[in-house]
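The values are calculated or read from the model by the stated rules, or taken from the named source; none is laboratory data. As the structure is a computational prediction, the values presented were derived from the model and not from experiment. Counting neighbours? That spans all protein chains shown, and the Cβs are built from the backbone with ideal geometry, glycine included.
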Amino acid sequence: MADRNPHLQAAGHWRSVTGRRSLKRTALALLIVLASPRAFAAPVLGVIYPDIREPYRTIFTEILQGIRQSAPGDVKTLQLGPDASTGRVSAWVAGNQVEALIALGRNGFHLGEDMHRRVPVVFGAVLIPPDRDGGKITGISLVPAPAALFARLQELSPHTRRVFVVYDPGNNASLIALARRAAARWNLRLIAVPAEDTRAAVREYRKILNTRAHAGDAIWLPQDSVTVNDQVVLPMILEKAWENELVVFSSNPSYVQRGVLFSLYPDNQKMGQELARLALARARDPGKSSLAGMRPLTALRVAVNTRTADHLQLNLSRREISRFDLVFPSR
């Protein structure tokens, strides 16, 4: 039987009326949002980078190409000259309605550090260790991912089981922590030796080369100006490694030309694509904790020295050689 209580009937009518009004207000708000030209627009990305001469200008041009390839919306760019300042960058960000900023190079890094409280910032094309500042900043370092280095080592020299590295604990402790985890995944024993200056590094390398390392072992030369000196350390390592049939790999392609077996170096365009994806994610969810931290570089190319490979009897086929991006000696 229907409820004929007038008070209950009145309450039901009121809920019906207010419900319809609420629906109308919600629909109107939704129409306003949909009418906004920015409702579904992709975030506007800004890129600041140094105004620099060739050949380095090409590097940033390629990174920008990659950023534009992965950015569905507008990409605004600002070259940083000698007069660049936080105030100028801040005004440019506001004037262009930039929703996430990609800061490239050393100057970009310093200016971006001052901007990150005003707009989400992603750093790139800068040589700083992964996990710098305890994950308070976001970006992609120029330091190659240890996992990528070890994967290539196993591909080229599958019998290698021990990897020696001398490193500066002040700059590369976090990198070595990443490397230990990566080495375990590849069934490698990483023997990491700290050295706080070049003299200590030379002393440790001599111990490794003369008494500790054996044929088939590997020496990793990280991007470390303290422990890897071009004039003193590198010639000593290359000479002894050749005599003792040690595998030497690095993160510097110029070392491959001098006799290092292989090196990984940046794929600038792909790095730009990764930076764009990271910046878009930061724009859409600035507080997301999983986006924080400097990542090691995984967008990488490979350089190899075939003369060194032949000396180590690694037997690279023509097909294998054709897959490398740089081959020394040039053919």
Item to complete: Could you figure out which of (1) crowded, with 21+ Cβ neighbours inside 10 Å; (2) touching a strand residue (DSSP E or B) at 6+ places or on another chain (Cβ under 7 Å) isn't true of Ala195?
Response: (1)
Worksheet item: Which condition number in (1) assigned to a helix (DSSP H, G or I); (2) surrounded by fewer than 18 Cβ atoms within 10 Å (Cβ to Cβ); (3) not small (Gly, Ala, Ser) is the one that Gln79 fails?
Response: (1)
Worksheet entry | The lone exception for Pro130 - which of (1) in a strand (DSSP E or B); (2) on the phi < 0 side of the Ramachandran plot it fails | (1)
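A quick yes/no check of all residues on (1) assigned to a helix (DSSP H, G or I); (2) crowded, with 20+ Cβ neighbours inside 10 Å:
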site: Glu54; (1), (2): no, no
site: Thr58; (1), (2): yes, no
site: Ile67; (1), (2): yes, yes
site: Ala84; (1), (2): no, no
site: Arg88; (1), (2): yes, no
site: Trp92; (1), (2): yes, no
site: Ala103; (1), (2): no, yes
site: Gly108; (1), (2): yes, yes
site: Val119; (1), (2): no, no
Worksheet item: If you take the residues of the stretch 154-190 that are in a loop (DSSP other than H, G, I, E, B) and among the charged types (D, E, K, R), which of them is nearest to the chain's Cα centre (by Cα)?
Response: Asp168
Item to complete: Determine whether the stretch 270-291 contains at least one residue that is within 20 Å of the chain's Cα centre (by Cα), at pLDDT 95 or above and under 29 Å from Leu312 (Cβ atoms).
Response: no
Worksheet entry | helices (runs of 4 or more DSSP H) contained entirely in the stretch 224-331, each with at least 1 residues that are touching a strand residue (DSSP E or B) at 6+ places or on another chain (Cβ under 8 Å) and over 26 Å from Ile128 (Cβ atoms) | 233-244, 306-311, 318-322
Fill in: Unique match (being at pLDDT below 95 and at positive phi) among Asn252, Asn229, Asn315
Asn315
Worksheet item: In the stretch 249-292, how many are outside the structural domain of Leu316 (by TED's automatic domain parsing), among the small types (Gly, Ala, Ser) and surrounded by fewer than 18 Cβ atoms within 10 Å (Cβ to Cβ)?
Response: 4
